[in-house]
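Everything on this sheet refers to the single structure shown next.
The values are calculated or read from the model by the stated rules, or taken from the named source; none is laboratory data. Quick caveat: nothing in here was measured; it's all calculated off a predicted structure. Here the Cβ positions follow ideal geometry from the backbone for every residue, glycine too, while neighbour counts run over all protein chains shown. Side chains are part of the model used for accessible areas, which takes the heavy atoms of the whole protein and leaves out ligands, DNA and RNA. Shrake-Rupley method; radii C 1.70, N 1.55, O 1.52, S 1.80 Å.
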Amino acid sequence: MLPSQRALFDIPREICYLNAASWSPLPIATQDAGRAGVARKGQPWLIDPALPAQQHERARAAAARLIAADPADVALISSVSYGVAAAAKVLAVPVGSRVLVLENDHSSAVLEWMTRAPLGRFTVDVVSQPGDGDWTAAVLATIERRGAPPVALASISSVHWSDGGMVDIDRVAAALRRQGAALLVDATHAVGVIKLDVRTLDPDFLVFPTYKWLLGPYGRAFLYIAKRRQDGVPLEQTADGRRAIVSEGEIYYRDTTFVSGARRFDMGERDHFVSLEMASVGMELLGQWGCDAVAARLAMLTARLADGLRECRGVSVPDATVRAPHILSLAFAGGMPEGLIARLAAGHLYVAPRVGRMRISPHVYNDEEDVDRFVTALRRAL
């Protein structure tokens, strides 16, 4: 099994950080890359003119490897909400159809469609949070519901951000294909931990950021776009998205036709000096360890947490068959005790409150000592 990677991080022993699903600490190597990038921007006359393109393609390739994609099908963007907005500009949702979202799913995958629905005259169909935690069955039932308008699109997370529930995205993709519907996957809580292969899944769009499970900075994200969707107009109109807008030449607007592939959807100001290289370092670390190894380690830690907390009075622990291997979300009979999160933080134990639950999310820097200490502290607090 992959051992704890705590030595690669600047995490004091007294800190028990179980909150990767909010934002992860940066590995020391990633911090070093950021400092080097800031220094480059401090003396821009020393920057090799070839560096920007090298950094763009290094990050694009690292992101593509995590989802088994062709780098040409991956755009460099800033956030999940940016990616969803870019997809919404490409997709035409038919009048009278449905767009499926998950109840209490992260706003990034939902608000774009809620905003567009009145003018587009389509319905946002919310899949209710299942009492048994089985999101897959709930989504499939909503897709197949008799008498409902046709589904045009499902814009859903493959792992629910608040309760850690897993969606069998392959089964959902197959059900959508049978109806001729599109699929947009917010893979924020999947990429790097849960194996994804866009060649077999074949989503229309798949988007993920780096600041959580990929051990990277804010402001860096990636959008996979299926080839059948790459002829659309991007969200931003940039010189880099066109074939030849050349500042060095006598003719500036030499060729304003779009470049091929997903590169036309790259965000403006792709920031090649600082954060893009930081994102590459984190993604390359995850690529070296591999999804299977990371998932196995984190599943061991969450199982140890679940075993230790299952007997706590008033605490509901989700079954391992319906949750992600790296997130454990606890429900409390009568609601979470007031001030509980703050009391734990006062003891250097960090988790997150999410939609009435306590979300616990370890990463590769955690170990058994962290888990056992947290279990003891939560039992005492309750």
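Observations
- Charge tally in the Cβ shell below 15 Å around ARG270, where Lys, Arg are +1 and Asp, Glu are -1, ARG270 excluded: +1
- Bridge orientation summary for the stretch 120-260: considering DSSP beta bridges with both residues in this region, about 55 percent are antiparallel.
- With DNA, RNA and ligands ignored, accessible area of LYS195 (1.4 Å probe; Å², nearest 10): 140 Å²
- A simple spin-label model places pseudo-atoms 7 Å from Cα toward Cβ; at ALA53 and SER22 they are separated by 4.3 nm.
- Under 16 Å of direct C-alpha separation, and excluding same-chain neighbours fewer than eight residues apart, LYS89 reaches these lysines: LYS227.
- Net +/- balance of residues flanking TRP113 in space, Cβ distance below 13 Å, scoring K and R +1, D and E -1: 0
- Length gained when the stretch HIS348-ARG243 is fully extended (0.36 nm per residue, less Cα-Cα span): 32.6 nm
- Length-normalised contact order for the chain - Cα pairs under 8 Å, 6+ apart - percent: 25 percent
- In order along the stretch 239-248, the phi-based Karplus estimate (6.51 cos²θ - 1.76 cosθ + 1.60, θ = phi - 60°) of 3J(HN,Hα) comes to 4, 5, x, 10, 5, 7, 10, 10, 6, 7 Hz; Gly and Pro are listed as x.
- Computed from the C-beta positions of PHE332 and ASP372, the FRET efficiency with R₀ = 22 Å rounds to 0.55.
- Across the stretch 1-151, Cα pairs under 8 Å and at least six residues apart give a relative contact order of 15 percent.
- Cα-projected label distance for GLN31 with ARG310, points at 7 Å along beta-carbon direction, nm: 3.8 nm
- For the stretch 302-317, the Karplus equation 6.51 cos²θ - 1.76 cosθ + 1.60, evaluated at θ = phi - 60°, returns couplings of 5, 5, 5, 4, 4, 4, x, 9, 4, 8, 5, 5, x, 10, 9, 9 Hz by residue, with Gly and Pro reported as x.
- Bridgeable lysines around LYS195 (alpha carbons under 17 Å apart, same-chain partners fewer than 8 residues away excluded): LYS212.
- Per-residue ellipticity at 222 nm computed for the chain from its helices equals -10500 deg cm²/dmol, with DSSP H segments shorter than 4 residues left out and the rest contributing -39,500 (n - 2.57).
- Among ILE341, ILE67, ILE169: highest mean-square fluctuation, GNM of the chain, C-alpha pairs under 10 Å: ILE341
- Kirkwood Rh and Cα Rg combined as Rg over Rh, evaluated for the stretch 281-382: 0.98
- If you take all other residues with their beta carbon under 11 Å from the beta carbon of PRO209, and give Lys and Arg +1 and Asp and Glu -1, the sum is +1.
- Solvent-free Debye scattering, log10 I(q)/I(0), computed from the Cα coordinates of the chain at q = 0.08, 0.11, 0.14 Å⁻¹: -0.44, -0.81, -1.22
- Rounded to 0.05, the FRET efficiency of the LEU340 and GLU14 pair, given R0 = 22 Å and the Cβ-Cβ distance, is 0.65.
- Under 5 Å, built H, 5+ apart or other chain: amide partners of VAL151: ARG98
- When only Cα pairs below 8 angstrom with a gap of at least 6 residues are kept, the stretch 166-316 shows a relative contact order of 21 percent.
- Scalar couplings 3J(HN,Hα) for the stretch 193-205, obtained by applying the Karplus form with A = 6.51, B = -1.76, C = 1.60 to θ = phi - 60°, are 10, 10, 5, 10, 10, 5, 5, 8, 5, 6, x, 6, 9 Hz; x denotes Gly and Pro.
- Once you reduce the stretch 1-41 and the stretch 118-179 to the center of their Cα atoms, the two points are 35 Å from each other.
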